[in-house]
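> Can you read through this structure? Questions will come right after.
The values are calculated or read from the model by the stated rules, or taken from the named source; none is laboratory data. Here the structure is a predicted model, which means the values were calculated and not measured. In this analysis, Cβ positions are derived from the backbone assuming ideal geometry, glycine residues included, and neighbour counts consider all displayed protein chains. Ligands, DNA and RNA are stripped out before the accessible areas are found, and what is left, the full protein with its side chains, is counted by its heavy atoms. Shrake-Rupley method; radii C 1.70, N 1.55, O 1.52, S 1.80 Å.
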Amino acid sequence: MITAPGDYLNAGDPDPYTITATTSVAVGRSVSQVEFFSCSDASLNCTTGSWISLAVDTVAPYSASWAVGGEGNRAVKAQITDSSSSTGTDVLNVLTDRTNPSGGSIGYADGYEVAGSV
């Protein structure tokens with residue numbers, strides 16, 4: 001299961017971002033590897049894109065570096081392979097908003113209080 005990022009990244013989050021995952025396997029089996037992927041486009045669950053391998057990690061805690069890229073949806077995937085060559089996957093859609101707000105101002109019709117307390 002992908003444990004980081006959550007479902008949202010903003011301009012304050014690092015780029016590249018470290019994706020992390022935890023695993024669970026059946027009793028008597030062990031994890032062989034976890035491979036991390038990112039989607040080539042902004043489609044949900046990468047339905048119209050292609051999965052691009054980021055890294056393979058064989059030692060817990062499992063992680064990979066991910067160059068976040070542009071704004072909007074970005075799908076990432078972790079695929080676990082156990083000692084019996086069985087696989088499982090977890091896909092996460094991450095909304096990215098890397099642009100800081102700009103412009104705008106606030107005007108108060110009656111001014112504002114700077115010395116008082118709320």
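> Select from segment 16-32 the residues that are modelled with pLDDT of 95 or more and on the phi > 0 side of the Ramachandran plot and list them in ascending order.
Residues satisfying the conditions do not exist here.
> How about segment 51-64: which of its residues are among the hydroxyl-bearing types (Ser, Thr, Tyr) and within 17 Å of the chain's Cα centre (by Cα)?
Matches in segment 51-64: SER53, TYR62, SER63.
> Of all residues being modelled with pLDDT of 95 or more and of a type in the set (Ser, Thr, Tyr) in segment 63-84, which is least open to solvent (accessible area, probe 1.4 Å)? Just the residue, please.
SER63
> Does LEU92 fit the bill of being outside any loop (DSSP other than H, G, I, E, B), over 16 Å from THR3 (Cα atoms) and of a type in the set (A, V, I, L, M, F, W, C)?
no
> Here's another thing I want to ask about it. Just checking, how many residues over segment 1-57 are closer than 25 Å to PRO101 by Cα, surrounded by 17 or more Cβ atoms within 10 Å (Cβ to Cβ) and in contact (Cβ under 8 Å) with a residue 40 or more places away in the chain?
3
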